[in-house]
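Working notes, beginning with the structure itself.
The values are calculated or read from the model by the stated rules, or taken from the named source; none is laboratory data. A quick note: this is a predicted structure, and the numbers were derived from the prediction, not measured. Here the Cβ positions follow ideal geometry from the backbone for every residue, glycine too, while neighbour counts run over all protein chains shown. Calculation scope for accessible area: heavy atoms of the full protein, side chains included, ligands and nucleic acids excluded. Shrake-Rupley method; radii C 1.70, N 1.55, O 1.52, S 1.80 Å.
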Amino acid sequence: MNAGFVRYMYPLWIAITAACLSASLLAANHQRTESAALDEARPRICLVLSGGGARGAAHVGVLKVLDEYRIPIDCIAGTSMGALVGAAFATGMSLPEMEQLLGSISTELLFKENPPRQEQNMRRKQDDYTILFTPEVGLQQGQVKVGKGLVTGVQLETVLRQLSKAKGFYVFDDLPIPFRAIATDLVTGKAVVFDRGELANVMRASMSVPGAVAPAEVDGMLLVDGMLTSNLPVQTAREMGADIIIAVNVGTPLLKREEINGIFGVTGQMLSILTEQNVQASLATLTDQDILISPELGNFSTGDFDNLRQIAPLGETAARQVSAQLQHLSMPPADYAALRQRQQITVQPEQRVVDEIRFENLQRVNPNYAQAVLDTRVGELIDQPTLDRDLRRLYGTGHFEHVKYSLLDDAGKHVLAIDAAEKSWGPDYLRFGLGLSTDFSGDAYFNLLGSYRKTWLNELGAEWRSDLQIGRTSGLYSEFYQPLSATGPLFVAPHLTIERRTADLYQQDDRIASYEVLEKSAGVDLGSHFSRYGELRLGILGGILEPTLDTGPQILSPGESRVQLGALTGRLLLDQLDSVHFPRSGWRAGLNIYDSRSALGADEAFTRVVADGTLAKSFGNHTFNFSMKVGDKLGSAPLPRYEYFQWGGFLQQSGYSTGQLLGESLQFGRLMYYHRIMRGTLLEGAYGGLSLEAGRIGNPLVRGNSEDWLKSASIFVGADSPLGPLYLGYGRAQDGNNSFYLYLGRPF
């Protein structure tokens, strides 16, 4: 190309480009000015969304119709579930995103607060192998204290953070759509209107149903559900400058007389009455130009969080019934598209590197211990899913009634401030347990358990736990657990056992004697935790064992025997099962060694070893569970009779009586299949299944009892109940032994 031509054309090209860019900017400016003028010319429309628990999913259906009719929304005021849906829409979440999230929400997701069992610490995991079932109650100066709600809201806030596209602290007028949320001050009884704050905390405060969800603490206020004072916040919308209000009332219908059963029915009705009164007051303020949408939600209750997808379309139906009124407010397609484009722009939060992790208000719990629970580290970017898991895991330690966080700028540093509220009913706790069983053939057993735990006796996290049990096995078990550092894995644990248990002796299928065995022992363990995977203990113990004949011929009496105990012990437990009662995934392995030594005062020298394991794998609602257990002597020294392996019963060679098989060695394997027949919410649901079992007892104590491999099978139904796992089963052995079983508590 000719250089002169280029020199001639270049200034002309620049001039043309500048003119075009100027025209484009003028057009864009003109368009924005026109949009602003149109927004100012039309009436300001405010959406008011009521509370109503799960019934509030109908709000999403209403929003879908408003979007279809191109109804502009200039501000939103919501209470409880209305605040949740309103905040999601106000921060720019699209309707497809909201519908997708609705499909993932369930009662379990919202309210099951403990972290996945695999992530819990080993001391809490081991409680699952006991018959404890009640929640902990606190003991303070002789007074019994309990929590402020059935759930604390830790998991609820995790879900709420996903619903809000605006992370961090915001002035709500600066959101894509100006927003207000309503809560109730539990102290003054007055409504609290939030116009700024951390959205997840605000939404959680607005939907803290008294008695169900613990109150939220915000700016020194103790807050519960806004339904008590302003469930349909029409007045708040007026104060936001609304010319026209579209009010959606999903309601909290009163129970019928026959539905008011027990204290929970009375309490629920009382809350509904209070709510309905303030709703009627709000409805009375609506004018002729306002629009009321009242979805017909039938028998869906406020707690139907497992049916949100079915509830949402009912909001669509109700909105279409007032289509004539709504369509008067419709915007031209281009103008509405421009408005929605502006409203769906969300400012992304700053990606922060954590310079410091700070725990506020801790009085008992060592901050170093709390920080060691977290995977979030100083010097790394905040990852929201990781931080959510950290908070849930911190709550799962059992020391806190609520955990939340905030991001602060302090002296040029980015600070992750974690507000972990220690249990107000701690630090001493009491729990109870119950176990029942019968084979419908005359044998019925029970155990009652009470567990008392004193925590944080020093800054390293020492605990003293004592368990008292009465029943088939009665005893007192006490252990002082002393970590050697606040963050390290090592600990020392002196312990004491006084136990009286029953042991039966069978010849073939006949019980020929029954013994009571009294054990008194004391020892000390040195141990180490393997993160959340397992625990190793090495210890020494001494004591006495006194067996006595309870029923049976005197020839089988052990006489005035008194056995001196003295041994080195070792126990390794690795546990990554998702559940102990009905595991659907994960594995467990255990190894126990008891090395009795004369040098430690024992009457007999021998070594006893037991190994066991479990592996569970699921395919949808189908689960396969393989378990094995092996026990034997180690070395040439025989096991004394009081250390023989007692076996038999439901899922432990089904078909035989509990403890019918007794010998010096044990080999056992079991393959279980179970199918989930009912999905649980906060509990694990119900299952139907079967088992195939094979086992062998070597060198049986009673001559003539079989040393062959025994084969058994069982069928059962099992369910997780508030009192613990419940099983009803039938077992049959290859040799004809069979039995029905009923268990409450762990049968194996």
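Couple of notes before you dig in:
- Within region 87-109: backbone nitrogen closer than 17 Å to the Arg309 label point (7 Å, Cα to C-beta): 96-109
- Pairwise Cα separations in region 585-659 fall into 5 Å bins from 0 onward with the following percentages, short to long: 3, 13, 17, 17, 16, 13, 9, 6, 3, 2, 1, 0.
- Cα extents of region 319-390 along the three principal axes, largest first (Å): 63, 27, 19
- Here region 376-474 has an Rg and Dmax of 21.3, 74 Å, counting Cα atoms alone.
- Nearest 10 degrees, 0 to 90: helix 81-90 Cα axis against the chain principal axis: 50 degrees
- Sequence-distant residues sharing a close amide H with Asp304 (under 5 Å, placed H): Ala54, Arg55
- Heavy-atom accessible area, probed at 1.4 angstrom with all protein chains present, ranks Arg511, Arg124, Arg562 as Arg562, Arg511, Arg124, highest first.
- Percent carbon-and-sulfur accessible area, the chain, ignoring ligands, DNA and RNA, probe 1.4 Å: 57 percent
- Were the residues from Ala41 through Asn299 laid out at 0.36 nm apart, the gain over their Cα-Cα distance would be 88.6 nm.
- At an R0 of 25 angstrom, the distance between the Cβ atoms of Gln277 and Arg196 translates into a FRET efficiency of 0.30.
- Helix content alone sets the calculated 222 nm mean residue ellipticity of the chain: runs of n ≥ 4 DSSP H residues at -39500 (n - 2.57) each, divided across all residues, give -7000 deg cm²/dmol.
- Amide N of region 66-86 lying under 20 Å from the label point, which is placed 7 angstrom from the Cα of Gln289 along Cα→Cβ: 70-77
- FRET efficiency for Phe530 and Gln564, using Cβ-Cβ distance with R0 set to 51 Å, rounded to 0.05: 0.90
- Modelled spin-label separation between Arg238 and Asp735, with each label point placed 7 Å from Cα along the Cα-to-Cβ direction: 8.6 nm.
- Cα-based reach from Lys711 at 18 Å (exclusive), listing aspartates and glutamates while leaving out same-chain residues under 8 positions away: Asp509, Glu693, Asp735
- Asn592-Ser94 FRET efficiency (beta carbon distance; Förster radius 56 Å; 0.05 resolution): 0.50
- For region 492-533, the percent of C-alpha pairs falling in each 5 Å distance bin, counted from 0 to the bin holding the largest distance, reads 6, 15, 14, 12, 11, 12, 11, 9, 9, 2.
- Per residue value of the accessible surface for the chain (all protein chains in place, 1.4 Å probe), Å²: 47 Å²
- In the chain, the sites counted are GluC sites (Glu not before Pro) in DSSP loop states with at most 15 other Cβ atoms within 10 Å, and the longest stretch holding none of them, exclusive of the sites, is 1-295.
- Whole-angstrom Cα spans of region 44-159 along principal axes, big to small: 60, 33, 21
- Residues whose amide H comes within less than 5 Å of that of His402, counting only those at least five positions distant or on another chain, are Ala421 (H built at 1.01 Å from N in the peptide plane).
- Hydrodynamic radius (Kirkwood) for region 278-366, which is based on Cα pairs only, to one decimal in Å: 18.9 Å
- The separation of region 462-480 from region 569-635, counted between C-alpha centres, amounts to 22 Å.
- Cα-only radius of gyration and Dmax that characterise region 446-503, units Å: 14.0, 43
- Dipole of region 431-476 computed with +1 at Lys/Arg Cβ and -1 at Asp/Glu Cβ about the Cα centre; of Thr455, Ser437, Thr473, farthest Cα towards the positive end is Thr455.
- Among [x] 15, 37, 25, 17, 6, 0; [y] 14, 38, 28, 14, 4, 1, 0; [z] 14, 39, 34, 11, 1, 0, the entry that matches P(r) over Cα pairs in 20 Å bins from 0, in percent as calculated here: [y]
- Shape box of region 670-748 [Cα atoms, principal axes, largest first, Å]: 50, 21, 18
- Relative to its Kirkwood radius, the Cα radius of gyration of region 100-141 gives an Rg/Rh of 1.12.
- Burial order of peptide ranges 667-674, 71-78 (average beta-carbon count within 10 Å, highest first): 71-78, 667-674
- Between the helical axis of 95-104 and the longest alpha-carbon principal axis of the chain there is an angle of about 10 degrees.
- Between helix 58-68 and the chain there is an angle of about 30 degrees, using the helix long axis and the longest principal axis of the Cα atoms.
- Region 315-375 versus region 383-456: alpha-carbon centroid distance in Å: 28 Å
- Amide H to amide H distances under 5 Å link Ala462 with Trp456, Leu457, where only residues 5 or more positions off or on other chains count and H is placed in the peptide plane.
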